[in-house]
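**Student:** Sending over a structure as structure tokens; questions will come in a sec.
Each reported figure results from applying straightforward, stated rules to the coordinates on display, with no laboratory input. Being a predicted model, the structure only gives us computed values, none of them experimental. Every residue, glycine as well, gets a Cβ built from its backbone with ideal geometry; the counts of neighbours run over all protein chains shown.
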Amino acid sequence: MAEHYDVIIIGSGAGGGTLAHTLASSGKRILLLERGDFLPRELDNWDAKPVFVDGKYISKDTWFDRDGKSFQPQVHYFVGGATKLYGAALYRLRPRDFGELKHTSGISPAWPLSYDDFEPWYSQAEQLYQVHGNAGEDPTEGHRSEAYPWPAVSHEPRIQHISDDLAKGGYHPFHAPCGILLNEARRPMSTCIRCATCDGYPCLVHAKSDAEVIAVRPLLDRSNVTLVTGAEVRRLETDDSGRTVTGVVVSRDGNREVYRGDIVAVSAGAANSAKLLLNSANDKHPQGLANGSDQVGRNYMFHNCLAVVALAKEKNDTIFQKTLGINDFYFATKDYQWPMGNIQMIGKSNAQAMRGEQPEKTMFAPNWTLADVAEHAVDFWLTTEDLPVPENRVTTDQHGNVHLTYSATNDEEAGRLYGELKKILNHTGMAAHHVLRKNFYMDMSIPVAGCAHQAGTCRFGADPATSVLDVDCKAHELDNLYVVDTSFFPSIGAVNPALTAMANALRVGEHLLDRMA
Ligand SMILES: Cc1cc2nc3c(=O)[nH]c(=O)nc-3n(C[C@H](O)[C@H](O)[C@H](O)COP(=O)(O)OP(=O)(O)OC[C@H]3O[C@@H](n4cnc5c(N)ncnc54)[C@H](O)[C@@H]3O)c2cc1C
Ligand code: SF4
């Protein structure tokens, strides 16, 4: 008879990988089903052309937009999921993000749990993912029960200069929290070499705190943990009552396989988790599994983002640039009554990665080539909260394909944040008319495809009429089905989502350990 598992986890990214890690030491039999394989370690990992121009590590999936037009989503199917390519900016949501916040496009709803509820799990996640940061610099951050395990990654001279100029201008720049295995005090012992090909690239030397390196790899020798790669879960089967998942149907090497376990935790990423539940409709769940409320797939969010480069006469020879954040506009200011969002740095521009873009002419540098632009660029990433709108949703067609209907929210706030960036750059010698949009990062040119920060689709809450999951992330309508990726977010805030997914997986992990005790 085929093995019966205590827990089957579907997807090995920030949510699923972290959940597997926290359950493993219990000795329970854990099965981790991952549709991708290990990301190959090869020189292409650190080469801008294969990574950004050729999209070598982006899935070949085809999704469809609201008009039925096909596009290639920026999703990554590997052990470790999207974290293999992520920028490792590991932020906590701000305490006020857990409450209701009013925005120009509507309401960011309150979570059923508070920042205080999440705080211990954020601390544990920061320890596990070895986050580097300096507490106390950012006035918007919440209290913490544990110090960051590592000091913040230092600014290189150009970024330190910008930080000093901003501080002189009355702003509160801070060291961005970052998950890289860098030991600056003992560089010869450091796993991370502090290179320029981090944000958006896989790490060739496995020095990024991604879910494969931190959470999954350390489990591979454990006899109670089984990882099956190339295992695409197509459908979940239930018993006749519809209350219990009894079979996890997988397509692997062209064959159909069925796995069985007491508890099933879906963690395939917000869009794919919704896809799986919708494609698992049966007599008891005619609209899709756990979807009696018609909430599965709805409230898809992915941040209202903008990548820009600011140009100055002096060259920017920074190597690892993602060290600075600014939250002075995260909430309302004295001049603007709405929250605007977060400003942070992203990986340094690289002429090869920018290939295919038409450099905009600037008054400052009318004849600059892409190489000149890249050499002088200082690169910023602006994030405004995206609101959970029921009409922004994932649906599937008769072939099971994902259709993504999405319209951006809070455009006015995003525009205002861009304006604030231009203003603050006046304090740094990079004047407003030398700021250009940068499209290649996360393929900003096809907005709906840039789904790196996808969340929502199965939100958690107390009311089964308006949420898919209860506060333990168990489906209201089933007894043994959990969803443990960014799907559970009722709102997304304006900081990067991965640490919240990791912290939540640790929280749900403890609940499952109690349940199985
Ligand atoms: C380029 C890039 C940069 C980013 N930078 C940051 C950052 O700096 N900070 C931050 O916080 N976040 C960042 N993110 C976002 C972050 O990576 C995600 O929020 C996080 O990984 C989401 O976790 P998840 O568990 O929901 O999904 P994922 O990590 O994507 O994991 C989902 C897993 O499920 C697997 N899967 C999918 N379908 C199936 C199926 N049917 N059967 C089996 N397995 C399946 C996938 O292969 C994948 O391994 C970035 C993302 C990208 C792409
Ligand atoms: S900066 Fe460090 S973690 Fe990032 S890719 Fe380079 S070596 Fe890896």
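**Student:** Can you give me the long-range amide H partners of Phe331? Hydrogens built in the peptide plane at 1.01 Å from N, cutoff under 5 Å, separation of 5 or more residues or another chain.
**Tutor:** Met340, Gly341
**Student:** What is the extension gain from Glu314 to Asn401, computed as 0.36 nm multiplied by their sequence separation minus the C-alpha to C-alpha distance, in nm to one decimal?
**Tutor:** Full extension of this stretch gives 26.4 nm more.
**Student:** Would you kindly state how much longer the chain becomes between Asp514 and Lys334 on full extension, computed as 0.36 nm times their sequence separation minus their alpha carbon distance, in nm to one decimal?
**Tutor:** 60.1 nm
**Student:** log10 I(q)/I(0), Debye, Cα-only the chain, no solvent, q = 0.07, 0.10 Å⁻¹?
**Tutor:** -0.35, -0.74
**Student:** Follow-up question, since we're still on this one. Return the calculated 222 nm mean residue ellipticity for the chain, to the nearest 500 deg cm²/dmol, obtained by summing -39500 (n - 2.57) across DSSP H runs with n ≥ 4 and dividing by the residue count.
**Tutor:** -5500 deg cm²/dmol
**Student:** Scan around Leu227 for amide H atoms under 5 Å from its own, H built in the peptide plane at 1.01 Å from N, and keep only partners 5 or more places away or cross-chain.
**Tutor:** So Leu227 has HN proximity to Leu32.
**Student:** Between helix 115-128 and the chain, what is the angle of the helix's C-alpha long axis to the longest principal axis, kept within 0 to 90° and rounded to the nearest 10?
**Tutor:** The angle comes out at about 80 degrees.
**Student:** Taking θ = phi - 60°, what integer Hz values does the Karplus form 6.51 cos²θ - 1.76 cosθ + 1.60 yield along segment 201-218, in sequence order, with x for Gly and Pro?
**Tutor:** Once rounded to whole Hz, the list reads 10, x, 9, 4, 9, 6, 10, 8, 6, 9, 5, 5, 5, 7, 9, 8, 3, x.
**Student:** Along the positive direction of the dipole of the chain (beta-carbon charges: Lys, Arg +1; Asp, Glu -1; about the Cα centre), which of Pro109, Leu277, Val75 reaches farthest?
**Tutor:** About the Cα centre, the residue reaching furthest to the positive side is Val75.
**Student:** Roughly what angle does helix 157-168 make with the longest principal axis of the chain, taking Cα atoms, 0 to 90 degrees, to the nearest 10?
**Tutor:** Helix 157-168 and the main axis of the chain meet at about 80 degrees.
**Student:** On C-alpha positions alone, give me the angle between the axis of helix 14-24 and the longest principal axis of the chain, in degrees, nearest 10.
**Tutor:** Roughly 50 degrees, rounded to the nearest 10.
**Student:** Now for a separate question. Amide H neighbours of Tyr482 under 5 Å, counting only residues 5+ apart in sequence or on other chains, H built in-plane at 1.01 Å?
**Tutor:** Val264, Ala265, Val266, Ala475
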